[in-house]
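These notes concern the structure reproduced below.
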Amino acid sequence: MTRTHIICALTFTVMASVFTASTGLAQDSSQPKISSSSIQILMVDSKEVTLPAEFQVALYENLVAEVQKTGKFQHVYRDGDRSATDAPDLVVLHSTVHGFKKGSEEKRQVTTVAGATSINIHCQITDKTGKSLLERDVTGKVRFFGGNLRATYDFAKKVAQIVRQSS
Amino acid sequence: MRMTSRGLLFGAVATVGMFLVTPCMAQQPQQPGTFPQTKQVLGLEGVKHNATGTLTVQKGTLEFTSGKKKADVPASSISDVVTDKDSQRAIGGVVGTISMFGPYGSGRFLSLFRTKIDTITINYHDSSGALHGAVFTMPTGNAEEVKQDLLAEGAHTTIPTAPASSAPPAGTR
């Protein structure tokens, strides 16, 4: 009886994961493609939510680094870069913080289950005129290892993945 | 068997000694405008993330040196300086990570030993106007001094520090 229960649970888990994976793939294939040689990354906007300065800077710097690593754009311009105005097919990445929960590294290390840090950010890629080309909500998290700022790295990696898939 | 207990005793004494000696080493006198044991968490070009080195604020420039690597930021290009407080695990690095897997929850127990640190975040613009940011951590009590030094050298901040108590109130002669 117990063995039957285990087999049923395993079957359900496998089916659920297959369904989730197929749904994710379907979403990926329907993504709009962005064909541009240059992108400008704006500073993360945190007017709605109070975000510590170190998190704001870490989000921005990690975002620039990870988007550069993708190699999908010839030029990755920073916020305020005057040379970006001359780029012919520039797209702009806007990031707005919607939620932030500062966890505790100490709690994570001591309890494993508590103290997670998470940042919810709405990302939007627009063209020069401001027309939206892509919009996504991305969450950066740190659950087990690393300091709180690691959530910013997690966020940047996810955005870079979206950029890879959409260009 | 006797050798094992001696070894354990020696290890325990060495560990306690290490904790006693470390704070004494941290209290070495330092030159004004120089802040050793500063960690550059991220942001400076040409310097690795989490590199430990010396931060210097002199002659209108913020300079961070870690080994042979050096990065300069003109103080006048800094548009914002913000300080904060945090804490970190007393035993960090590779040893700290390995100790997390210690038996009988010893890694978790060691996580309770933490040291307070100051965080300083700067925003600055390069010659083409592009915005950069950098985050530093340093021993507690230093961040406010770094901020004052940077402001004196021409940096700007969105969070002004409290005025000195010795300053006369407005409207008095």
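Bear in mind these aren't lab numbers, they're just calculated from the coordinates by the rules spelled out. Owing to the predicted nature of the structure, the values given are computational and were not obtained by experimental measurement. Cβ: placed from backbone, ideal geometry, glycine included. Neighbour counts: every protein chain shown.
Would you be so kind as to identify which of A:GLN74, A:ILE162, A:VAL113 lies farthest towards the positive end of the dipole of the range A:31-166, taking Lys and Arg as +1 and Asp and Glu as -1 on Cβ and the Cα centre as origin?
A:VAL113
Hey, which lysines would be in cross-link range of A:LYS107, C-alpha to C-alpha under 22 Å, not counting anything within fewer than 8 residues on its own chain?
Cross-link targets: A:LYS141, B:LYS85, B:LYS116.
Straight-line reach from A:LYS128: which aspartates and glutamates have a Cα under 19 Å away, not including same-chain ones fewer than 8 places off?
Partners within reach: A:ASP45, A:ASP79, A:ASP81, A:ASP86, A:ASP89.
Put a dot 7 Å past each Cα toward the Cβ at A:LYS157 and B:PHE113; how far apart are the dots in nm?
Output for this residue pair reads 3.0 nm.
Run down the lysines and flag those whose C-alpha is under 23 Å from the C-alpha of B:LYS68, throwing out any fewer than 8 positions away in its chain.
B:LYS68 reaches B:LYS39, B:LYS48, B:LYS59.
Percent relative contact order of the range B:40-150, based on C-alpha pairs within less than 8 angstrom and at least six residues apart?
Once divided by the residue count of the range B:40-150, the mean separation gives 28 percent.
Please arrange A:VAL138, B:VAL73, B:VAL135 by counting, for each residue, the other beta carbons lying within 10 Å of its beta carbon, fewest first.
Ranked by crowding around the Cβ, least crowded first: A:VAL138, B:VAL73, B:VAL135.
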